[in-house]
Amino acid sequence: MNDPVRVLIADDESLVRAGLYAIVAAEPDLAVVGEAATGAAAVAGALELRPDLILMDVRMPDLNGIEATARILHQAPSPQPRVLVVTTFENDEYVYDALRAGAHGFLLKRARADEMVHAIRTVARGDSLLFPSAIRDLALSRASTRTANAELQTRLARLTAREREVLRLITCGLSNTEIADRTGLGPETVKTHVARVLGKLGVRDRTQAVIAAYESGFATAGGTGLR
């Protein structure tokens, strides 16, 4: 039997921590290794306890979840913990900033227990918890206040036509299996293309690839505005 996924819970509300603790501890393949009530405590806990995954609130005293995520991913030795943001509102701009900082997905506090467990397992096994429509809305809400990222545009120019097609489908939220079905490529070939897209864009996962697609101008509003 595999070792359980080691989880650190970071939230400034004790009732929320208790609720998350109960949900995680009830699963035989998950284990709570620590709790943190502040962002600074989350960073310290991540470095000391070496969890596999951190449930990270974004609004905490002394250090918010965005900065805590960035510090953890900068300071923690390999293998780094994966960060799952826990938030009250999906349109919270803090969520977008946390994803840009390297969080691997986000989870709503009002989600059902089974949805939370599924999200934890998804992120823990190395997949991104992708909500492309929510990321799109958050990205587009900022589009009017900034110009397209020139560096990302340069990186996008390095993609082949097939890699651009794969990025377009990633941005639409398709899995590797769905991309294979849509393009007629084999699953391993799709996996290779996805890895190349991430590498050329300089991003760590699919979530950050979607953010890069919008911030570069590759993806625009409406879902059909993909270039």
Residue count for the stretch 100-114, restricted to those that are of a type outside the set (A, V, I, L, M), part of a helix (DSSP H, G or I) and modelled with pLDDT of 90 or more: 1
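Within the stretch 203-217, work out how many residues are assigned to a helix (DSSP H, G or I) and surrounded by fewer than 16 Cβ atoms within 10 Å (Cβ to Cβ).
Total satisfying the criteria: 0.
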Residues located in the stretch 16-38, provided they are in a strand (DSSP E or B) and in contact (Cβ under 8 Å) with a residue 60 or more places away in the chain: 30
Subset of the stretch 182-199 (residues that are assigned to a helix (DSSP H, G or I) and over 22 Å from residue 103 (Cβ atoms)): 182, 183, 187, 188, 189, 190, 191, 192, 193, 196
Residue among 121, 125, 155 that is modelled with pLDDT under 85 and basic (Lys, Arg): 125
Scan of the stretch 100-118 for residues that are among the charged types (D, E, K, R), open to solvent by 70 Å² or more (accessible area, probe 1.4 Å) and under 17 Å from residue 7 (Cα atoms), ordered by number: 114, 115
Selected residue (criterion: least open to solvent (accessible area, probe 1.4 Å)) from residues of the stretch 64-84 that are out of contact with any strand residue (DSSP E or B) (no Cβ under 6 Å at 6 or more places or on another chain) and part of a loop (DSSP other than H, G, I, E, B): 76
Qualifying positions in the stretch 1-17 - open to solvent by 60 Å² or more (accessible area, probe 1.4 Å) and farther than 21 Å from residue 74 by Cβ: 1, 2, 3, 12, 13, 14, 15
Test: residue 23 is modelled with pLDDT of 90 or more and farther than 26 Å from residue 135 by Cα: yes
Qualifying residues in the stretch 46-62 (those that are over 18 Å from residue 16 (Cα atoms) and in contact (Cβ under 8 Å) with a residue 24 or more places away in the chain) - the one farthest from the chain's Cα centre (by Cα): 62
Residues satisfying the stated conditions in the stretch 160-202, i.e. open to solvent by less than 80 Å² (accessible area, probe 1.4 Å), farther than 17 Å from residue 216 by Cβ, among the hydroxyl-bearing types (Ser, Thr, Tyr) and under 20 Å from the mean Cα position of the chain (by Cα): 175
The stretch 36-63 - residue that is open to solvent by 50 Å² or more (accessible area, probe 1.4 Å) and not aliphatic (A, V, I, L, M) and, of those, modelled with the lowest pLDDT: 61
Residue 97 within 16 Å of residue 19 (Cα to Cα) and either in a helix (DSSP H, G or I) or polar (S, T, N, Q) (or both): no
Residue within the stretch 85-94 that is in a helix (DSSP H, G or I) and open to solvent by 10 Å² or more (accessible area, probe 1.4 Å) present: yes
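The values are calculated or read from the model by the stated rules, or taken from the named source; none is laboratory data. Predicted model, so just to flag it, every value in this text is computed and none were measured. Quick reminder, even Gly has a Cβ in these numbers, built from the backbone with ideal geometry, and neighbours come from all protein chains shown. Protein only, heavy atoms only, side chains kept; ligands, DNA and RNA dropped before computing areas. Shrake-Rupley method; radii C 1.70, N 1.55, O 1.52, S 1.80 Å.
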